[in-house]
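Trainee: Mind having a look at this structure? Questions to follow.
The values are calculated or read from the model by the stated rules, or taken from the named source; none is laboratory data. Remember, it's a predicted structure, so these values are computed and weren't measured experimentally. So basically every Cβ, Gly included, is an ideal-geometry build from the backbone, and we count neighbours across all protein chains shown.
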Amino acid sequence: MTDALLDADGIARLRDALRGAQYTRTGVAGRIGEAAVAAARRRDLRPALRAAGTDDPLATLIRLFIGEQNQPATAVARALHPLPLAAAQAAGLVVPAPGGGIRAGLDLEPYGDGWWILADRPPAAPGPVRADHVLGVGGASATLVNATVRAPVRSALDLGTGCGVQALHLATHATRVTATDLSRRALRFAATAAALAGQEWELVQGDFAQPVAGRRYDLVVSNPPFVAGPPGPAAFTYRDSGRAGDRVGAELAAAAPGLLAEGGTMQYLANWLHVAGQPWQERVAAWFAGSGLCAWAIQREVSDPQSYVDLWLADVGEQPAGAGTGTGQRPSTRDTSRREAWLDWFDAQKVEAVGFGLVCLRRSEVADPVLRVEELRQPTDRLGDQIALWFERQDWLRAHRTDLLSQRYRTAPGLLLHQEATHGPDGWLVQQQRLQLSGGLRWNEPVDPLVLELVSGCDGSVPLAGQLAVLAAAHGVPEEELADAAVPSVAHLVERGFIAAAP
Ligand SMILES: C[S@@+](CC[C@H](N)C(=O)[O-])C[C@H]1O[C@@H](n2cnc3c(N)ncnc32)[C@H](O)[C@@H]1O
């Protein structure tokens with residue numbers, strides 16, 4: 001079991017102090033406003049400092065932990081009371097500032113509903129973060145939080161828990177939470193977040209699934225160090241896996257069958273290489289071949305190699321943000337060599353781009369697991385709910401594969417049709433028609449005129465076979481021929497949620 005940074009009494013005292021000062025997500029937003037909270041996340045501290053106030057514990061905590069300002073020792077002692085200042089210093093939460101007073105030793109961010117996240121602060125001086133830097137809640141963390149299926153489960157596992165943000169959320173719908181990390185330092189931060197939240201998780205140190213080998217879970221999530229780089233030891237634990245290229249994504253896929261209980265779901269973030277001469281979908285699909293799992297891998301973004309390398313060098317502070325991308329800032333000589341080695345490796349591997357995505361796997365004992373690798377760029381709130389519905393639709397399609405023709409269908413609520421037409425001597429000539437979902441995954445895709453006619457008739461009253469008979473007669477085509485062409489389209493439309501079986 002991993003120790004938190006403070007003992008149980010210290011945790012209780014710190015929680016009392018933070019609650020008493022209203023240093024909570026709502027308390028801070030109430031004082032400085034949501035816009036200042038968002039600006040501080042982008043490291044523009046000015047609005048937070050302007051609105052923090054000066055002489056109460058909440059002002060001190062905002063200036064100390066969010067505004068990165070040194071504060072008088074007496075004010076910090078008052079803000080942290082009943083936790084003694086010496087105990088906060090011993091835990092590394094605050095440290096004496098070189099110029100006098102006290103500064104934050106760690107990031108302490110109010111998060112969610114009465115939770116706090118501990119993480120390392122960015123280095124005070126320009127230069128890279130420490131090798132075992134513990135990351136706070138970032139964009140990738142939020143992406144996985146939003147994408148996680150939140151159905152109640154008995155057991156959940158967070159691989160590479162870091163500050164513990166995923167595990168905090170898992171504990172809201174899992175009876176038992178286990179979290180692993182390679183870094184002992186990260187596990188201590190996670191243990192502190194759990195204790196402050198009054199949650200109990202099992203924390204185990206080790207390489208991804210290795211410390212929980214032989215155990216199975218209903219839900220597994222991971223925001224791993226997914227950055228695709230040259231082989232070699234991990235330079236920064238939160239970013240690098242020590243595996244070459246995109247191997248970590250493949251390795252997690254290979255571990256999934258052994259980690260998942262029957263019906264269990266695994267979701268993780270991954271980067272994958274787009275290699276010349278190989279469709280990226282093929283490369284990613286190969287990760288799941290023969291696994292027996294249903295798999296849905298979705299690509300959310302694509303980066304060119306230079307922007308990718310610059311992004312991750314800037315992320316660890318090895319290169320100014322935007323260096324090499326037009327800001328005029330030049331990386332140092334040492335940074336240039338790191339950048340060049342990385343880009344040379346990409347060139348040698350014929351890497352043309354890198355995809356950022358999400359992998360969703362489900363273990364269900366079926367003979368023909370579905371495998372989809374596709375783009376889904378549209379932003380989606382509560383993506384996890386949509387992922388659960390996607391798997392439900394796959395189950396429905398599997399159960400009704402042989403009787404799709406006898407089902408009655410209804411269009412999705414708020415389904416939109418976009419038409420593009422050119423105007424000519426004979427009036428408007430429709431060039432393209434697109435269906436768009438106004439909610440959910442907001443798919444927007446072209447539709448063939450005949451399929452559109454079918455969709456238009458989906459009012460839940462007539463089985464598909466009946467709809468096709470009418471269409472076949474109207475167009476003078478054999479019914480069977482039409483059915484052969486239409487059934488795969490109908491399955492696709494059901495899969496994406498444009499139409500669904502009528503109740
Ligand atoms: C990108 S951070 C994610 C942290 C957190 N789960 C989140 O969502 O923000 C990746 C985490 O994986 C951990 N890690 C790196 N290599 C690992 C390995 N081989 N096995 C387990 N954890 C590892 C790092 O220490 C780090 O805490």
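Trainee: Taking interchain pairs and intrachain pairs at least six residues apart, which have beta carbon atoms under 9 angstrom, with the first residue in region 298-320 and free of Cβ contacts under 8 Å to residues at least 40 places away in the same chain and the second β-branched (V, I, T) and assigned to a helix (DSSP H, G or I)?
Mentor: Filtered contacts from region 298-320: Q319/V309; Q319/T336.
Trainee: Inspect region 269-283 for any residue being farther than 19 Å from A388 by Cα and modelled with pLDDT under 95 and give the result as yes or no.
Mentor: Checking region 269-283: not a single residue is farther than 19 Å from A388 by Cα and modelled with pLDDT under 95.
Trainee: Consider only pairs whose beta carbons are under 7 Å apart and that are at least six residues apart or on different chains; among these, list those whose first residue lies in region 24-50 and is at pLDDT 95 or above and whose second residue is of a type in the set (F, W, Y).
Mentor: Going by the 7 Å Cβ cut-off, the qualifying pairs are R25/Y111.
Trainee: For region 354-394, how many residues meet the condition of being charged (D, E, K, R), out of contact with any helix residue (DSSP H, G or I) (no Cβ under 6 Å at 6 or more places or on another chain) and either crowded, with 19+ Cβ neighbours inside 10 Å or not in a loop (DSSP other than H, G, I, E, B) (or both)?
Mentor: 6
Trainee: Failed condition for A261, given (1) within 17 Å of G292 (Cβ to Cβ); (2) touching a Ser or Thr at 6+ places or on another chain (Cβ under 6 Å), with all others met?
Mentor: Condition (2) is where A261 drops out.
Trainee: Could I ask something else about it? If I ask for residues that are within 18 Å of R363 (Cα to Cα) and either basic (K, R) or not in a strand (DSSP E or B) (or both), which ones from region 213-223 would you list?
Mentor: Those that are within 18 Å of R363 (Cα to Cα) and either basic (K, R) or not in a strand (DSSP E or B) (or both): A213, G214, R215, R216.
Trainee: Among the listed residues R31, R41, which satisfies the condition of being in contact with a Leu (Cβ under 8 Å, 6 or more places away or on another chain) and of a type in the set (D, E, K, R)?
Mentor: Being in contact with a Leu (Cβ under 8 Å, 6 or more places away or on another chain) and of a type in the set (D, E, K, R) holds for just one of R31, R41, which is R31.
Trainee: Could you tell me whether A167 is more than 27 Å from A91 (Cα to Cα), free of Cβ contacts under 8 Å to residues at least 60 places away in the same chain and under 21 Å from the mean Cα position of the chain (by Cα)?
Mentor: Criteria not met by A167.
Trainee: Is there any pair linking a residue in region 172-188 that is among the basic types (K, R) to one that is near the ligand (Cβ under 8 Å from one of its atoms), with Cβ under 7 Å and at least six apart or on different chains, and which?
Mentor: What qualifies is R185/D132; R185/V134.
Trainee: Checking A8 against (1) among the aliphatic types (A, V, I, L, M); (2) farther than 16 Å from I117 by Cα; (3) surrounded by 13 or more Cβ atoms within 10 Å (Cβ to Cβ), which test does it fail?
Mentor: The one condition A8 does not meet is (3).
Trainee: Further, regarding this structure: Given (1) touching a residue at least 40 places away in the same chain (Cβ under 8 Å); (2) farther than 30 Å from W390 by Cβ; (3) within 13 Å of the ligand (Cβ to nearest atom), where does G92 come up short, assuming only one miss?
Mentor: Failed condition: (3).
Trainee: Filter region 76-96 for residues that are closer than 18 Å to Y23 by Cα and not in a loop (DSSP other than H, G, I, E, B) and give the result.
Mentor: V76, A77, R78, A79, L80, L85, A88, V94
Trainee: Would you be able to tell me the number of residues in region 149-176 that are out of contact with any Asp or Glu (no Cβ under 7 Å at 6 or more places or on another chain) and within 14 Å of the ligand (Cβ to nearest atom)?
Mentor: Going through region 149-176 one residue at a time, the tally reaches 9.
Trainee: Say whether the condition of being more than 10 Å from the ligand (Cβ to nearest atom) and farther than 28 Å from A353 by Cα is met by at least one residue in region 239-257.
Mentor: The answer is yes; a qualifying residue exists.
Trainee: Considering each of A473, A469, A485 in turn, give the residue that is of a type in the set (A, V, I, L, M, F, W, C), farther than 30 Å from R382 by Cβ and at pLDDT below 95.
Mentor: One residue alone meets the criteria, A485.
Trainee: Looking only at region 177-187, count every residue that is more than 6 Å from the ligand (Cβ to nearest atom), farther than 16 Å from V145 by Cα and among the β-branched types (V, I, T) and tell me the total.
Mentor: The total comes to 1.
Trainee: Does A235 qualify as being within 16 Å of the ligand (Cβ to nearest atom) and in a loop (DSSP other than H, G, I, E, B)?
Mentor: Yes, satisfied.
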